[in-house]
Amino acid sequence: MENKKVLLDVKNLSKYFNVKGQDLKAVDDVSFKINEGETFGLVGESGCGKTTCGRTILGMYKATKGEVLYNGKDIHSLKGKEALDFKKHGQYIFQDPYASLDPRMTVGEIIAEGLYVHFPKMNEAERKKVVNTLLDEVGLNKEHALRYPHELSGGQRQRVGIARSLAVEPSFIVCDEPISALDVSVQAQIVNLLNHLQKEKKLTYLFISHDLSMVKHISDRLGVMYLGSLVELADSEKVYNKPLHPYTKALMSAIPVPDPDHNSDIENRIHLEGEVPSPINAPKGCKFVTRCPNAMDICRQKRPDFLEVENDHFVSCHLFQEGRSVEEAEEIQRKQLEKNAQIKLEEEKKKIAKLKENKK
C-alpha cells in the first residue's frame, strides 16, 4: 500500500439533494483513496448512495461538501481546459447498456463521439481506425460499427459502452454495475474483458455493484456503504473472510453458496430486522442503529468515527471506538447480543401476557 501511487483521493465527500426544502443526504462524509492500477469495489444495498458517489467523483454531480483529488487536483474546482482534460482521463460505464446509448446513432458514431471533443485534429480515416481497433479490443467486429443499438444483444451493447469509455484513452473508469442487466453467462465475459483491458491499458477502476460474489472476484479493496456513508473498508479478502461491522457481516452472510447440499449459509444467515431509515431524516447516532443486533445506548446518541482498527482495515462502529482491539470488540458484541436477545424475550412475554389478559 505504501509503495503505491494514490490516483484518486476522496476527502469528506457529501452530495445532498434538496427535496421539498429538506436535505436528502445521498452521500454523507465519505473518504477513501484509490491507488493507481487497482480496482476499488463499492458495495451496499440499493439506494445506499453508490451510484451518486461514483457520479459525484467524476463531476457529473457537483459536490455539496468535500474534495475529490485526482493526481492532487480537486476536480470540482477545475475550469476550462483543465476540466475538459479531466473528462478525458475519467470515464463512466453505465448500468443500463441500452438507455445509455443514443438509438439514433450508429455504434461507430457513438464510440467516435468523444474523439471529436478530445482529439479535434483527428481526421475521418484516423477516427475510423480507432473505432475499428476498439471494437476488436472489446470482442466485436468492425461490421458492428454500422449497426444501431437496437440491433445488438445486451452483452454487445455493454461492450459498445466499454469501447466508448476507452476511446479517449482514460486512466480511471467508474464501472457502475456494468453487469447487473446482463445474463449470468455474459456477466463473466464482461468481467473478464474488464480485467484484460485493465492489465493491457493500466487502468484504474471504481467498481460499483451489489453482486457481492462478483465484486470479490474483481476487486483489490472493498468499501461497504450504508445510507450514504462508508461503514467498512479493507482488502477484499479481509472484508469477505473477516468482516467487522455488523452490517457487513449481514451482507456477507447473504451470499448464496452454489451447492444444494450446503445448508450452512441458510443456518448462519443474519436476518436484519427493522426498516432502512430515510436519508432525509437519518438517526442522530449511528445510521445502522435501527437494524443493528448489537445496538448500544451510545449508538443512539453519537455517530461513530471511521477508524483504522487493524492494518488498512477501517470500520465505523462504536464496538471499535476508544482503541478497543478486535477481540475486545467481539466480546462486547457477544454480551450485547445476549442482552438484546433477553430484552426482546421479555417484550415478547409481555405481549403474550397482554393478549391472554384481553381474551379473558
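A quick yes/no check of all residues on (1) hydroxyl-bearing (Ser, Thr, Tyr); (2) at pLDDT 95 or above:
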{"site": "Asn3", "(1), (2)": "no, no"}
{"site": "Ser14", "(1), (2)": "yes, yes"}
{"site": "Ser31", "(1), (2)": "yes, yes"}
{"site": "Asn35", "(1), (2)": "no, yes"}
{"site": "Glu38", "(1), (2)": "no, yes"}
{"site": "Gly47", "(1), (2)": "no, no"}
{"site": "Asn71", "(1), (2)": "no, no"}
{"site": "Asp85", "(1), (2)": "no, no"}
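Results for (1) within 21 Å of Val224 (Cβ to Cβ); (2) surrounded by 13 or more Cβ atoms within 10 Å (Cβ to Cβ); (3) under 23 Å from the mean Cα position of the chain (by Cα); (4) free of Cβ contacts under 8 Å to residues at least 40 places away in the same chain, shown as yes or no for each residue.
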site: Leu307; (1), (2), (3), (4): yes, yes, yes, yes
site: Phe314; (1), (2), (3), (4): yes, yes, yes, no
site: Gln321; (1), (2), (3), (4): yes, yes, no, yes
site: Arg324; (1), (2), (3), (4): yes, yes, no, yes
site: Glu338; (1), (2), (3), (4): no, no, no, yes
site: Ala341; (1), (2), (3), (4): no, no, no, yes
site: Glu347; (1), (2), (3), (4): no, no, no, yes
site: Ile352; (1), (2), (3), (4): no, no, no, yes
Assigned to a strand (DSSP E or B), within 27 Å of Tyr116 (Cα to Cα) and at pLDDT 95 or above: does that describe Leu8?
yes
Among the residues of segment 16-25, is there at least one that is assigned by TED's automatic domain parsing to the domain that holds Thr204, touching a Ser or Thr at 6+ places or on another chain (Cβ under 7 Å) and loosely packed, with under 15 Cβ neighbours inside 10 Å?
no
Answer from Val117, Val191 - the residue that is modelled with pLDDT under 95 and under 28 Å from the mean Cα position of the chain (by Cα):
Val191
Given (1) surrounded by fewer than 22 Cβ atoms within 10 Å (Cβ to Cβ); (2) at pLDDT below 95; (3) closer than 15 Å to Thr39 by Cα, number of the condition Ser171 does not satisfy:
(2)
Please give the number of the condition Glu67 fails out of (1) out of contact with any Phe, Trp or Tyr (no Cβ under 7 Å at 6 or more places or on another chain); (2) farther than 23 Å from Phe314 by Cβ.
(2)
Within segment 174-199, considering residues that are touching a residue at least 40 places away in the same chain (Cβ under 8 Å) and among the acidic types (Asp, Glu), the one farthest from Met60 (Cα to Cα)
Glu177
Can you name every residue in segment 291-329 that is of a type in the set (Ser, Thr, Tyr) and out of contact with any Lys or Arg (no Cβ under 9 Å at 6 or more places or on another chain)?
Ser325
Candidates Gly161, Gly223, Gly154 - the one that is surrounded by 18 or more Cβ atoms within 10 Å (Cβ to Cβ), touching a residue at least 40 places away in the same chain (Cβ under 8 Å) and more than 30 Å from Met122 (Cβ to Cβ):
Gly223
Leu166: touching a residue at least 60 places away in the same chain (Cβ under 8 Å), under 26 Å from the mean Cα position of the chain (by Cα), surrounded by fewer than 21 Cβ atoms within 10 Å (Cβ to Cβ) and under 18 Å from Ile111 (Cα atoms), yes or no?
no
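The values are calculated or read from the model by the stated rules, or taken from the named source; none is laboratory data. Given the structure is predicted, the values throughout are model-derived calculations rather than measurements. Because the Cβ atoms are built from the backbone with ideal geometry, glycine has one as well, and the counts that use them run over all protein chains shown.
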